[in-house]
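Worksheet: one structure, shown below.
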Amino acid sequence: MANTSAIPQQQSDDRVPLKTWIGVMGTILGAFMAVLDIQITNASLRDIQAALGATLEEGSWISTSYLVAEIVVIPITGWLSQVFSVRRYILVNASFFVFFSMCCAWAWNLSSMIVFRALQGFTGGILIPMSFAFLLTNLPPKKQPIGMAMFALTATFAPSIGPTLGGWLTENYGWEYVFYLNLVPGLMLLSAVWYAVAPTPMRLELLKGGDWWGIASMAIGLGSLQVVLEEGSRKDWFSSDFVLRLTIISAIFLSAFFWIELTRKNPFINLRLLTRRNFGLATIVNISLGVGLYGSVFILPLYLSQIQQYNAMQIGEVIMWAGVPQLFIVPIVPKLMQRIDIRVMIATGVSLFAVSCFMNANMSHDTGIDQLRWSQLVRALGQPLIMVPLSTIATAGMEKHEAGSASGLFNMMRNMGGSMGIAALATLVTQRQQFHSNRLGESVSLYNPATQERINQMTQYFVSRGADLSVAKDRAIQAIDNIVRREAYVMAFNDCFYFVGIALLVSGIAILGFKKVKPGAGGGGGAH
């Protein structure tokens, strides 16, 4: 009889008021803005550097400063939201995020831009885990897959659409509008949170017993590691004293962070969640998802600008094919989760994502939007099948009081996977280009009859265009050298896509260890 009488109560618990959905959509809009801003400046970097009088290396800090601040603030967000209350914490940080976005558009030199970008990342970084934690704590288990599907768009759609949007705004209005873009959605976010998120009292007494040593060691360790990952490839890794010193600092402070968090009675983030079977294994897949998401959005534009000479808008049109279809695919994923084993869906998504990378691993110097469109569509199909079920399986049975730690860890690991992936790919493309260039150089020797014949043909061509014989021969040799370099780069980009595809498949082994979870079992603590 007890079970029977519980059914109507459970059904009423599953009803979600419109006010709550407005809160969920508002916080998810905030997460979308924060993730979008990671990638959106990439297409505008040259214009920003020119306006601020910065070199390419100096300009890289425009992205690095944002990422460092964001990755540092994500893990402490759960604890700080308890101290200042969820509503107040989101409202204050979202307001500052919009303000610092405007400041970025008004930056008068490189130093001011880097400071404003860091502050933008520090205030915007909280919007990602707070969105995830809010839906875990405010939606009943049966509605959580819908919330996860909405959140998935921030993680998968935003990186895909970022370069497109940034390129279009820069081409048509100017790079400043990349930052002005945050104003309208920022005001919508503030309105939604103000209306829908219930006010709760602050708990400032938590500051007295705060895990300050843990927070300090995490901030220094993670911040240093992020700078190493961002700058390592540009500075040739450990041949740079700067990178070497930061690597040592990150190793020392991250070791201290793990020791403090695992031995302290009340840590600011519960690292022991990683020992839970589904959460720990899902984190492995999540890291590789970060490698794939951010790695593919890094390497493909590099190929298109370097080999195809595409501008920001044209690059955006290619990347868009991996983004826009997700708007139509993500809404049907929760329905599929009710009929198909979640583990099968994740495995399918990982396989499709890997296949899309392997499709890109056979590019030639003629590969353009017509050839890349299909691999982008396969990627658009695969990414939602990973993100939504993976979030569900990771948080299945998660207690409400662990939502902050779970959200901080899960989102930090994906972003860290992205940083590691970009660092690895930046190094890989350089090394493989040199390798292929040397191999091709051995074949295209000046003593090779076929090469000599080709040089003679090209020399005659340049002579026919008015050059004298000596200049024509130099131009012919230079043209051959350019072709070798171009082909070496194409082969290096292909190797990078192989790397991403293999990384995804290897992480897929973790799926075999997942415990079976039914949709609606997520956030088990929320059901009580």
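Output the pairs from Lys19/Lys335; Lys19/Lys518; Lys335/Lys400; Lys265/Lys515; Lys143/Lys400 with a Cα-Cα distance over 18 Å in this structure; if there are none, say none.
In this structure, Lys19/Lys335; Lys19/Lys518; Lys335/Lys400; Lys265/Lys515 lie more than 18 Å apart at Cα.
Relative to the present Cα-Cα distance, how much length would full extension add between Glu442 and Leu183 at 0.36 nm per residue of separation?
Here the segment from Glu442 to Leu183 would lengthen by 87.7 nm.
Between Asp341 and Phe328, what is the label-point separation in nm under the 7 Å Cα-to-beta-carbon projection?
3.1
In whole angstrom, note down how far apart the Cα centers of region 175-214 and region 91-133 are.
Taking the Cα centre of region 91-133 as reference, the centre of region 175-214 is 11 Å away.
Between Ser240 and Gln306, how many nm apart are label points set 7 Å from Cα along the C-beta direction?
Taking the simple label geometry, Ser240 and Gln306 are separated by 1.7 nm.
Using a 1.4 Å probe on the protein heavy atoms, what percent of the accessible area of region 312-412 belongs to carbon and sulfur?
63
Please tell me the relative contact order of the chain in percent, rounded to the nearest whole number, where contacts are Cα pairs under 8 Å and at least six residues apart.
It comes to 22 percent, rounded to a whole number.
Name the residue farthest towards the positive end of the dipole of region 246-387 from the options Val324, Pro301, Gly290, assuming +1 on Cβ of Lys and Arg, -1 on Cβ of Asp and Glu, about the Cα centre.
After comparing all options, I get Gly290.
Using modelled amide H (1.01 Å from N, peptide plane; none on Pro or chain starts), what sits under 5 Å from the amide H of Ala396, excluding residues fewer than 5 places away?
Gly523
Among Leu190, Leu207, Tyr177, which residue has its Cα positioned farthest towards the positive end of the charge dipole of region 162-320, with +1 placed on the Cβ of Lys and Arg, -1 on the Cβ of Asp and Glu, and the dipole taken about the Cα centre?
Towards the positive end, the residue furthest out is Leu207.
So what is the accessible area of region 179-291 per residue, in Å², with the probe set to 1.4 Å?
Accessible area per residue: 53 Å².
Report the calculated FRET efficiency for Asn172 and Arg264 (r = Cβ-Cβ distance, R0 = 51 Å), to the nearest 0.05.
Taking R0 as 51 Å, the efficiency between Asn172 and Arg264 is 0.45.
Working out 0.36 nm times the residue gap between Arg46 and Leu18, then minus their Cα-Cα distance, what length gain in nm do you get to one decimal?
5.7 nm
Just to confirm my numbers, what's the Cα centroid distance between region 351-395 and region 256-282 in Å?
Region 351-395 and region 256-282 have Cα centres spaced 32 Å from each other.
Give me the percent of the accessible area of region 206-304 that comes from carbon and sulfur atoms, probe 1.4 Å, all protein chains in place.
69
Roughly what angle does helix 110-124 make with the longest principal axis of the chain, taking Cα atoms, 0 to 90 degrees, to the nearest 10?
With rounding to tens, the tilt is 40 degrees.
Angle, helix 18-39 long axis vs. longest principal axis of the chain, Cα atoms, 0 to 90°, nearest 10?
Taking Cα atoms only, the helix is inclined about 30 degrees.
Enter the per residue convex hull volume of the chain, computed from alpha-carbon coordinates, in Å³ rounded to the nearest integer.
Normalising the Cα hull of the chain by residue number yields 169 Å³.
Only four residue types carry charge here, +1 at the Cβ of Lys and Arg and -1 at the Cβ of Asp and Glu. Report the dipole size of the chain about the Cα centre in Debye, rounded to the nearest 20.
Taking the Cα centre of the chain as origin, the dipole is about 1680 debye.
Against the longest principal axis of the chain, how steep is helix 469-507, in degrees 0 to 90 to the nearest 10, with axes from Cα atoms?
20
The values are calculated or read from the model by the stated rules, or taken from the named source; none is laboratory data. Just so you know, these numbers come straight off a predicted model, no measurement behind them. Neighbour counts run over all protein chains shown; Cβ positions are idealised from the backbone, glycine included. Only protein heavy atoms, including side chains, enter the accessible area calculation; ligands, DNA and RNA are left aside. Shrake-Rupley method; radii C 1.70, N 1.55, O 1.52, S 1.80 Å.
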